[in-house]
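The values are calculated or read from the model by the stated rules, or taken from the named source; none is laboratory data. Note that the structure is predicted; figures quoted are calculated from it, not measured. All Cβ positions, glycine included, derive from the backbone under ideal geometry; neighbour counts span all protein chains shown. The protein model used for the area step is the full one, side chains on, heavy atoms only, and it has no ligands, DNA or RNA in it. Shrake-Rupley method; radii C 1.70, N 1.55, O 1.52, S 1.80 Å.
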Amino acid sequence: MPVEEFVAGWISGAVGLALGHPVDTVKVRLQTQSGYRGILDCMIKTYRNETVLGFFKGMSFPLLSVALVNSVMFGAYSNALLYLSATHHHERHANPPSYAHVFTAGSFSGLMQAVVLAPVDLIKVRLQNQTHSYGRRSPVGGPGAQYRGPVHCGACIFREEGMLGLFRGTWALVLRDTPTMAVYFLTYISLCQAVTAPGREPGPMTVLIAGGWAGTVSWALATPMDVIKARLQMDGVKGVSYRGVLDCIRISVRHEGPQVFLKGLALNSIRAFPVNAVTFLSYENILKLIC
């Protein structure tokens, strides 16, 4: 089984995370907390109460582990595509795979990513929702649990919610990532092929634009389930309020209307273009160096 895609995905994932994490923190807080009037208000309050470090909460653990997750995403996609079409990465420009194979491989990639990502994403979301410093204790009855870092957060979740608690929101994550990863890779491949002469490799600018649009389109599709996923992940902090994905959807719509599914859409779109443009450019260039 080829390992180059896993290595390239590992490095490009870390690069993309470092670029997009501050925007992701604001997005998660808007989706799960009601104390903000909008994006700017969330940014101002975060900076005023926590300084610039507040935007990077929860980053250390994903920075170490999202590389693994991204490695699984690209590796699963490339190897599934190899299995379906018997086409290696360096041969794909001369003999491009069918869109059906790209879609199927992307769906498989999303499923694998969701399974690996679930505990990592849960810990990230819990840490991002802490609006106080690690060293200060929450007042009695105050919002959120007090975590001193990712390891302490994971240990607390395991102790208080059990092993299944570490996989809270996994079904929503699977429903989010399986179709959106299919659209993600399909959009990227389609755009690259549309503006590149047959048999030639896409240039850096093509990769940047195609990767950026792939990220934007896929995140626009993912945002509604991303809201549900984040709310299910925060459920264990204040006690269980939702009985599952459908119950969370029903309660969220009843309390906030259908527009609840658009929370974070603007931020997801703003973040998605540069992060995924850089991710794909890093991935393609790293593959050229190691293949």
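Taking the condition part of a helix (DSSP H, G or I) and surrounded by 21 or more Cβ atoms within 10 Å (Cβ to Cβ), does A266 pass?
No, not satisfied.
I'm told N285 meets every condition in (1) out of contact with any Ser or Thr (no Cβ under 7 Å at 6 or more places or on another chain); (2) polar (S, T, N, Q); (3) at pLDDT 90 or above except one. Can you identify the failing condition by its number?
(3)
For E201, only one of the following conditions fails: (1) under 30 Å from Y242 (Cα atoms); (2) open to solvent by 50 Å² or more (accessible area, probe 1.4 Å); (3) charged (D, E, K, R). What is its number?
The number of the failed condition is (1).
Does the range 164-181 contain at least one residue that is touching a Ser or Thr at 6+ places or on another chain (Cβ under 8 Å), farther than 14 Å from L117 by Cα and not polar (S, T, N, Q)?
Yes, the range 164-181 contains at least one residue that is touching a Ser or Thr at 6+ places or on another chain (Cβ under 8 Å), farther than 14 Å from L117 by Cα and not polar (S, T, N, Q).
Restricting attention to the range 132-147, and to residues there that are of a type outside the set (G, A, S) and open to solvent by less than 50 Å² (accessible area, probe 1.4 Å), which single residue is modelled with the lowest pLDDT?
Start the filter on the range 132-147 by keeping residues that are of a type outside the set (G, A, S), which leaves 132, 134, 136-137, 139-140, 143, 146-147.
With the extra rule that they be open to solvent by less than 50 Å² (accessible area, probe 1.4 Å), the set shrinks to 132, 146-147.
Working: H132: 58, Q146: 71, Y147: 82.
Going through the qualifying residues, I end up with H132.
Among the residues of the range 250-263, how many are buried (at least 17 other Cβ atoms within 10 Å of the Cβ) and either under 20 Å from the mean Cα position of the chain (by Cα) or free of Cβ contacts under 8 Å to residues at least 12 places away in the same chain (or both)?
So the first thing to find is which residues in the range 250-263 are buried (at least 17 other Cβ atoms within 10 Å of the Cβ), and the list is 252, 260-261, 263.
From what is left, the residues that are either under 20 Å from the mean Cα position of the chain (by Cα) or free of Cβ contacts under 8 Å to residues at least 12 places away in the same chain (or both) are 260-261, 263.
Summing the residues that are buried (at least 17 other Cβ atoms within 10 Å of the Cβ) and either under 20 Å from the mean Cα position of the chain (by Cα) or free of Cβ contacts under 8 Å to residues at least 12 places away in the same chain (or both) in the range 250-263 gives 3.
What are the residues in the range 204-242 that are open to solvent by 20 Å² or more (accessible area, probe 1.4 Å) and within 15 Å of Y184 (Cα to Cα), if any?
Residues satisfying the conditions are L208, I209, W213, T216, V217, W219, A220, L221.
Which condition does V278 not pass, out of (1) farther than 19 Å from S12 by Cα; (2) of a type in the set (V, I, T); (3) open to solvent by 10 Å² or more (accessible area, probe 1.4 Å), if it passes all the others?
Of (1) farther than 19 Å from S12 by Cα; (2) of a type in the set (V, I, T); (3) open to solvent by 10 Å² or more (accessible area, probe 1.4 Å), only one is false for V278: (1).
With the requirement that a residue be open to solvent by less than 20 Å² (accessible area, probe 1.4 Å) and at pLDDT below 90, what does the range 77-105 give you?
Matches in the range 77-105: S78, T87, P97.
Only residues that are assigned to a helix (DSSP H, G or I), small (G, A, S), over 13 Å from D235 (Cα atoms) and open to solvent by less than 20 Å² (accessible area, probe 1.4 Å): list them for the range 148-171, please.
G154
Examine the range 165-174 for a residue that is within 19 Å of the chain's Cα centre (by Cα) and of a type in the set (K, R), and state whether such a residue exists.
Yes, the range 165-174 contains a residue that is within 19 Å of the chain's Cα centre (by Cα) and of a type in the set (K, R).
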